[in-house]
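Below: the structure, in structure tokens.
Throughout, read-outs are computed from the coordinates displayed, never taken from laboratory work. All of these numbers come straight from a predicted model, not from anything done at the bench. Quick reminder, even Gly has a Cβ in these numbers, built from the backbone with ideal geometry, and neighbours come from all protein chains shown.
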């Protein structure tokens, strides 16, 4: 009986180790993609060009009213 339990434990460890090895692999979203990187750089360059061309208009500010100097 003791040999049987050792065999089952050993088999479970070997089968579990096989599944752990495949879980360590990186998913496809983590692997760098040259096409995605090129599009990202293109987008960033376009945003920088748009920022350089944008003109900021001054904000309208209300004229300040003078404070009353006489007590009520």
How much length is gained on full extension from residue 37 to residue 69, taking 0.36 nm per residue of separation minus their Cα-Cα distance?
5.1 nm
Estimated distance in nm for a label pair at residue 12 and residue 48, the labels positioned 7 Å out from Cα along Cα-to-Cβ
5.8
